[in-house]
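Take a look at the structure below.
The values are calculated or read from the model by the stated rules, or taken from the named source; none is laboratory data. What you see is a predicted model; the values in this text were computed from it and never measured. Methodologically, a virtual Cβ is constructed for each residue, glycine included, from the backbone with ideal geometry; neighbour enumeration extends over all protein chains shown.
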Amino acid sequence: MKEYIIEIFNQSGVNPWLVQIAIVLVITVLASRIRHVLLNRIESRLSSTQLVWGKVTAKSIRKPAALLIWILGILYCFEIVRIEFEIAILDGLPSVRHVAVISILTWFLYKFIGVHESEYLASKRDAETTVDKTTVRITAKILRVTVVILGVLVAMQTLGLNIAGILAFGGIGGIAVGFAAREMISNYFGALMIFMDRPFEIGETITSPDRDIQGTVVEIGWRQTTIERFDSRTLYVPNSVFSSIAVRNLTRQNNRRIYEYVGIRYDDADCLAGILEDTKNMILNHPEINQDSLIMVNFDRFAPSSLDFFIYCFTKTVVWSEYHDVKENILMQIIRIIENHGAQIAFPTSTIHLVDDANFDNLIPDDFTGNPSLESDQSS
């Protein structure tokens, strides 16, 4: 039968291998179209359900499946050409096909992890449920790295390479690589320490008294942490830095502190007691001040130009902008309290005492000539 069909093609002047290639291409196009229609229907049905795994799989498999269909179709066309013309250079097509399948499967798993991460965080955000974004993202990164490493090892095994020898060589070469890439390795372990100790997480606001680091954590990568500063500039900090500096996590604080000094004139010393009493009562009755925390309003020091007292209290809010609104309100009320007592806020001043001419003359000795050197010569 096969010989009969080939004979028909020979009599018609059409090469059988060209027909086989045409058939493979038609099957490839049909398979790609069927994939597109089938995935569209699956996604439309899953959109109204709660099957997260089904949605994630359908989204992740679309591009890898299309690429797999076309690569297999093209490789089979080359296989037909190899068999027909016995081209030696194409003898490695089976290995190429296996590596291609492994690579596309690795790509699918990589996309599956990324899409599942995004869908999971989106579902928690829509449900207004608190979720540890740092843990989710770092876990997803670890899984993606694992998938890539396994894919590379399987592909190498498929190509006939000795994985055991490669791993042994990697162990020896790892020492040299470790010296050359010690900064990268220290940043990697710095990321692990951030994940384990959790001094901060994505979305939290941090500052450091040791470095000029302040802002909101945007991303924690394997090499560096991305921070958006308060001035909207982006700061990239190597993870190894966090192992040697102190970090303040402003998001995790329960309150924000107000600690300010106010000075009045020495001429208003009689009003000081009343000002302190009214200021403390104002803070004790302020709705935005945490009354369960320490509240202090005390005269503290004799400054060069003022009598200084301080206020010490904590706001209920931890939001930076709201904190400054509360602080502004308290300071404005203190100004009104000082004015209501007829006093004034002090500013740096200097007082010069002048004496009249008669008193100034009494201060000069009668035998003073105005030239100390002459006085010493006459006495000698």
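Table for the structure above
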{"item": "Filtered residues of region 235-263 (kept if closer than 30 Å to residue 304 by Cβ and touching a Ser or Thr at 6+ places or on another chain (Cβ under 6 Å))", "result": "263"}
{"item": "Top-ranked residue in region 208-220 [being in contact (Cβ under 8 Å) with a residue 12 or more places away in the chain and surrounded by fewer than 16 Cβ atoms within 10 Å (Cβ to Cβ); ranked as nearest to residue 185 (Cα to Cα)]", "result": "219"}
{"item": "Restricting region 325-369 to residues that are among the acidic types (Asp, Glu) and either surrounded by 11 or more Cβ atoms within 10 Å (Cβ to Cβ) or at pLDDT 95 or above (or both), the residue that is farthest from residue 288 (Cα to Cα)", "result": "339"}
{"item": "Unmet requirement for residue 289, which otherwise passes all of (1) surrounded by fewer than 18 Cβ atoms within 10 Å (Cβ to Cβ); (2) closer than 18 Å to residue 321 by Cβ", "result": "(1)"}
{"item": "Any chance residue 31 is in the same structural domain as residue 100 (by TED's automatic domain parsing), modelled with pLDDT of 85 or more and aliphatic (A, V, I, L, M)", "result": "yes"}
{"item": "Cβ pairs under 9 Å, 6+ apart, first in region 85-111 and at positive phi and not assigned by TED's automatic domain parsing to the domain that holds residue 57, second in a helix (DSSP H, G or I) and at pLDDT below 75", "result": "none"}
{"item": "Among (1) surrounded by 17 or more Cβ atoms within 10 Å (Cβ to Cβ); (2) in contact (Cβ under 8 Å) with a residue 60 or more places away in the chain; (3) in contact with an Asp or Glu (Cβ under 8 Å, 6 or more places away or on another chain), the one test that residue 251 misses", "result": "(1)"}
{"item": "Unique match (being polar (S, T, N, Q), surrounded by 14 or more Cβ atoms within 10 Å (Cβ to Cβ), farther than 26 Å from residue 33 by Cα and modelled with pLDDT under 80) among 130, 134", "result": "134"}
{"item": "Considering residues of region 222-271 that are of a type in the set (Phe, Trp, Tyr) and part of a helix (DSSP H, G or I) only, the residue modelled with the lowest pLDDT", "result": "242"}
{"item": "Any hit, region 293-307, residues being loosely packed, with under 15 Cβ neighbours inside 10 Å, farther than 15 Å from residue 268 by Cβ, more than 39 Å from the chain's Cα centre (by Cα) and of a type in the set (D, E, K, R)", "result": "yes"}
